[in-house]
Amino acid sequence: MKHIFFIIVLVFSALFCNAEELNEGLTEGEKIVLHVGILDPTEPWEPIKKAPVRVPSVSIEDYTLYFSSSCDGCPLRLLDENGMVVYSTVIPPGTKSLLLPAYLSGDYQIQIVRGRFCFWGYIYV
């Protein structure tokens, strides 16, 4: 019984250590804290699943966004302090990094839309 418990502890330790190393190696720059919201709760969508929503892992360095998790085909928008869209694009499939235009300068709200969920946070470029 002690051997089985010991083996289980070793397996879980190996899995969690590898997961941390993978996450650290994929991101560059400063990690963007993203929040999640439903776009329009009055629209008829499929029922909300019991599993939590998987929030994309995004970081920024200078004018480059880095994606550690897939955001294929998701619209990306940057909004200024007045709520006006100043930049909008669709993230191409397989994208690991995306260069923002050089004309952007200041604080922006970043939004990534996946289905009925909008992931948002704040960046400074």
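For the range 43-125, what does the relative contact order come out to in percent, with C-alpha contacts under 8 Å and a separation of six or more?
That works out to 27 percent.
Can you list the GluC sites (Glu not before Pro) in the range 27-116 that are in a DSSP coil and have 12 or fewer other beta carbons within 10 angstrom?
Glu81
Give the residue list of trypsin sites (Lys or Arg not before Pro) in the range 57-122 that are DSSP loop and have at most 12 other beta-carbon atoms within 10 angstrom.
Sites meeting the loop and neighbour criteria: Lys96.
Sticking with the crude label model, points 7 Å out along Cα→Cβ, report the distance from Ala102 to Thr64 in nm, one decimal please.
Reported label-point gap for Ala102 and Thr64 is 1.6 nm.
Taking all protein chains together and a probe of 1.4 Å, list Lys50, Lys31 from the most accessible to the least accessible.
Ranking Lys50, Lys31 by accessible area, largest first, yields Lys50, Lys31.
Tell me the chymotrypsin sites (Phe, Trp or Tyr not before Pro) within the range 38-125 that lie in a loop according to DSSP and have at most 16 other beta-carbon atoms within 10 Å.
Trp45, Tyr63, Tyr103
The values are calculated or read from the model by the stated rules, or taken from the named source; none is laboratory data. Computed from a predicted structure; not experimentally measured. A quick note on method: Cβ atoms are made from the backbone with ideal geometry, for glycine too, and the neighbour counts reach across all protein chains shown. Calculation scope for accessible area: heavy atoms of the full protein, side chains included, ligands and nucleic acids excluded. Shrake-Rupley method; radii C 1.70, N 1.55, O 1.52, S 1.80 Å.
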